[in-house]
Amino acid sequence: MVNRNEIFINICEHISRGRILSALAKLDMIAGAMQDTASKDEISKIRETYHWMLEYMSQGIADPERMKVYANIKCRCYQIADALLEAKNTIDSHNYVYTQKQYVKGDMSEWDILSVVDEIESHNANRGLTDFIDKNMQSGKSLEEAHRYEMNSMRMFNYYWLFGGEADDIERIMNNDLISIDDKCLLVSAMTLYLTRCFDQKKAILLTALCERPEEEISERALVGLLPLIAKYSDRMDAMPAWRDRIAAAFDSKGMKSAVKRVIMQYARTNETEGLVKQMKEEIIPEMKKLSKDMKSSDMQSFVSEDHEEMNPVWQEKLEKSGLADKLKRYSDLQMEGSDVYMSTFAMLKTFPFFSTVVNWFRPYNPEMSYIRGLFSGEGESVMKEFMEAIMDTGSMCDSDRYSFSLSLMQMPDSQRKTIADAFAMEKKQELEIREDDEILAKTRKAERVSNSYIQNLYRFYRLFPSKDAFESPFDYSLTLQNGVIAELAGFNDDDRIEIGEYCFSKGFYEAAFQMFDSVRAQLSLEYYQKLGYCKQKVGDMVEAIAYYKQAEVIEPNDVWTIMRLAYCYRKTSDFRLAADYYAKAEAQQPNKSAISFKKALCLLECGEEDEALAIFFRLDYETSGDKNLWRLIAMTSIGLRKFDQAERYVEKIMSTPDGWEDYVTEAYIRWIKDDIGGAVAALRAARKQAKAVRLVEDRMEADKGTLQKAGLDVNLIPLLVDASLKE
């Protein structure tokens with residue numbers, strides 16, 4: 001995340017807290033140092049207005065417009081602070097954004113934004129309805145025109161994301177029918193990038209208005225950009241009532257609340273992407289390679305059925321035993337939910353020169369782009385046309401990945417292209433069938449696919465662009481969008497909050513889920529008090545978890561799940577007495593659950609009630625017959641109770657087939673108790689060799705000091721015994 005200059009952060013905090021005089025003084029000092037006379041004049045005007053407002057208030061003069069004027073003063077202060085910071089960074093900063101500003105400013109000696117927009121308009125007007133694979137489109141003249149158009153669209157994008165431009169000019173472009181949807185989409189992204197760096201209320205209002213456009217490509221892109229901006233600038237809302245009112249009006253329009261909820265959940269879902277990438281790299285791909293190797297080393301004929309159509313059961317069994325089938329099914333299910341399962345696949349394909357410029361990370365996929373146009377010419381023209389239709393129609397790939405895939409295909413022989421094109425055509429067919437079913441069930445809309453694809457585009461840019469650190473990422477807010485201002489302006493009721501909370505809960509985003517559940521104003525049920533407690537438990541706040549579980553207990557005192565959670569949390573907070581009591585309560589309701597009895601016994605040990613714990617261990621040993629973990633606990637508990645013969649019997653049972661180095665440490669204790677120091681040293685030596693680290697043996701003996709002291713052993717000898725075990 002970009003670190004803003006500390007002085008400007010401090011100024012914005014002063015404005016937010018209403019310390020306007022202090023903020024103005026600091027702004028005036030900075031403007032003076034930068035010799036910015038325009039800002040100094042504006043600061044002087046604001047100071048005079050604020051002086052008279054305070055003077056009238058001090059005299060008790062009523063002013064119904066006072067708070068409106070005050071909000072305007074704060075808004076103007078924020079704007080000056082942002083403008084001064086941008087000017088300072090433009091001069092001093094060497095990060096990517098500001099080096100690009102210098103470069104584009106130099107390039108602008110050859111063009112101006114109005115002429116660029118005019119050329120884009122002319123290009124679209126002259127383009128007509130010519131199909132992109134028409135032979136005329138492959139002429140040198142046509143390719144030259146494409147290059148010129150792409151250069152102009154990049155110039156327009158660069159101008160508005162680097163310099164901001166005027167909101168009125170942007171609005172005129174957005175309303176110009178001769179500007180294509182793709183160019184308008186780029187303009188929305190450019191405006192969003194600028195607003196993230198340097199706030200402008202007029203542009204923020206325009207971006208909000210674009211959320212109501214009928215074209216989903218524009219409205220969804222605007223909404224995806226808007227929500228993180230609201231979260232970022234939430235502390236400025238009281239100073240910008242015009243923007244706040246415009247958001248409220250937009251969010252109040254038909255269907256907008258559900259769209260806001262959807263985008264919030266789509267943003268939240270990006271938090272599972274890194275885990276999916278890791279699982280793909282560390283689990284699925286290695287497992288696939290291993291399985292493939294196994295198949296090659298075996299008689300492949302045995303895996304092919306006689307009719308050569310169905311998978312042989314032997315092959316299927318191998319796939320199921322590997323666990324790969326379940327993982328791949330999970331990936332397929334996640335893909336259908338809209339999860340970003342292709343991030344790991346396409347991350348390595350972002351090194352093409354195409355992705356060296358910012359604009360291309362935001363471009364809607366267009367097969368007419370000069371970079372990939374050659375893919376649709378030559379002998380495989382018809383096949384590639386089908387391929388193009390497949391990747392255009394499929395909702396499982398975002399625009400950025402479509403470009404990556406197309407650029408990769410450009411480097412392949414025609415035969416390989418055809419194979420891949422056929423595979424994508426099949427995926428397209430399956431997806432369209434699923435989509436058709438979903439449409440019948442009213443589960444999928446175009447808007448959902450557009451917003452999800454755009455969020456994936458953004459995710460790739462902010463994670464993979466070489467100079468990504470120069471940008472403040474909207475994903476810094478991905479698990480906070482459901483809070484505060486957005487929920488208020490969208491008018492979320494309890495059902496909306498619970499729906500978002502349940503989604504976050506199902507994905508394991510427990511802090512976000514808690515915030516939603518906790519914001520529900522109605523009295524919650526047993527289930528939701530349990531979930532509030534569970535969320536706190538999962539983020540490690542056991543004290544708060546206990547508080548919510550206790551409320552659940554009031555509603556249903558005998559709910560075993562709640563009782564077990566309370567026992568667990570008390571155990572984690574080292575309140576072993578209460579933990580044991582709750583385990584006993586759970587045990588009374590489920591007397592045959594040996595795991596509960598075992599946990600209760602462990603708590604009793606911590607409470608110093610070794611005899612009671614030992615009795616439970618004996619009972620469990622009788623029921624399970626041969627659990628070495630129980631034998632180890634019985635042996636150590638018996639040592640602490642000085643029941644040495646009993647301890648020795650169990651150690652002998654353990655050492656009949658020792659499982660690890662810790663068993664040798666326990667044997668050393670018995671030898672020590674029997675004054676067989678040589679035997680104790682020999683056992684510790686064996687433990688050290690198996691552990692392959694003397695520190696592990698030392699730590700184990702240190703942890704057992706209390707038990708050894710109860711047994712009457714001199715724990716001061718531990719270092720000597722360990723050192724003796726080091727001698728061969």
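The values are calculated or read from the model by the stated rules, or taken from the named source; none is laboratory data. Predicted model, so just to flag it, every value in this text is computed and none were measured. Note that each Cβ is placed from the backbone with ideal geometry, even for glycine, and that neighbours are counted across all protein chains shown.
At-a-glance table
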item	result
Conditions (1) under 30 Å from residue 654 (Cβ atoms); (2) surrounded by fewer than 20 Cβ atoms within 10 Å (Cβ to Cβ); number of the one not met by residue 526	(1)
Any pair with Cβ under 6 angstrom, 6 or more apart, that starts in region 512-535 at a residue that is free of Cβ contacts under 8 Å to residues at least 60 places away in the same chain and ends at one that is aliphatic (A, V, I, L, M) and surrounded by fewer than 18 Cβ atoms within 10 Å (Cβ to Cβ)	526/555
Given (1) at pLDDT below 90; (2) in contact with a helix residue (DSSP H, G or I) (Cβ under 9 Å, 6 or more places away or on another chain), index of the condition residue 534 fails	(1)
Criterion (within 23 Å of residue 626 (Cβ to Cβ), surrounded by fewer than 15 Cβ atoms within 10 Å (Cβ to Cβ) and not hydrophobic (A, V, I, L, M, F, W, C)) met by exactly one of 645, 676, 723, 699	645
All helices (runs of 4 or more DSSP H) inside region 588-679 with 2 or more residues being within 47 Å of the chain's Cα centre (by Cα)	594-606, 610-624, 628-640, 661-673
Subset of region 533-566 (residues that are in a helix (DSSP H, G or I) and within 21 Å of the chain's Cα centre (by Cα))	534, 535, 536, 537, 538
Residue, nearest to the chain's Cα centre (by Cα), within region 232-271, restricted to residues that are of a type in the set (Gly, Ala, Ser) and surrounded by 20 or more Cβ atoms within 10 Å (Cβ to Cβ)	268
Among (1) farther than 24 Å from residue 710 by Cβ; (2) modelled with pLDDT of 90 or more, the one test that residue 657 misses	(2)
Residue 214 over 30 Å from residue 370 (Cβ atoms), modelled with pLDDT under 95 and either part of a loop (DSSP other than H, G, I, E, B) or within 28 Å of the chain's Cα centre (by Cα) (or both)	yes
Cβ-Cβ under 9 Å pairs, at least 6 apart or on other chains, region 214-237 side under 15 Å from residue 485 (Cα atoms), far side among the polar types (S, T, N, Q) and not in a helix (DSSP H, G or I)	228/473; 228/478; 231/480; 231/483; 234/483
Every pair of residues 6+ apart whose Cβ atoms lie under 9 Å, when the first sits in region 487-511 and is free of Cβ contacts under 8 Å to residues at least 12 places away in the same chain while the second is surrounded by fewer than 16 Cβ atoms within 10 Å (Cβ to Cβ)	488/248; 493/521
Check on residue 595, of a type outside the set (Ser, Thr, Tyr) and crowded, with 19+ Cβ neighbours inside 10 Å	no
Sole exception among (1) part of a helix (DSSP H, G or I); (2) under 28 Å from the mean Cα position of the chain (by Cα) for residue 199, by number	(1)
Residue selected from region 54-67 under the condition surrounded by 11 or more Cβ atoms within 10 Å (Cβ to Cβ) and either within 17 Å of residue 201 (Cβ to Cβ) or aliphatic (A, V, I, L, M) (or both), by the criterion nearest to the chain's Cα centre (by Cα)	67
Filter pass, residue 487 being closer than 28 Å to residue 194 by Cα and either assigned to a helix (DSSP H, G or I) or charged (D, E, K, R) (or both)	yes
Criterion violated by residue 574 - all others in (1) in contact with a Leu (Cβ under 6 Å, 6 or more places away or on another chain); (2) hydroxyl-bearing (Ser, Thr, Tyr); (3) over 14 Å from residue 524 (Cβ atoms) satisfied	(1)
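To keep it simple, each residue is scored yes or no on (1) buried (at least 19 other Cβ atoms within 10 Å of the Cβ); (2) within 25 Å of residue 563 (Cβ to Cβ).
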site: 582; (1), (2): yes, yes
site: 591; (1), (2): no, yes
site: 607; (1), (2): no, yes
site: 636; (1), (2): yes, no
site: 639; (1), (2): yes, no
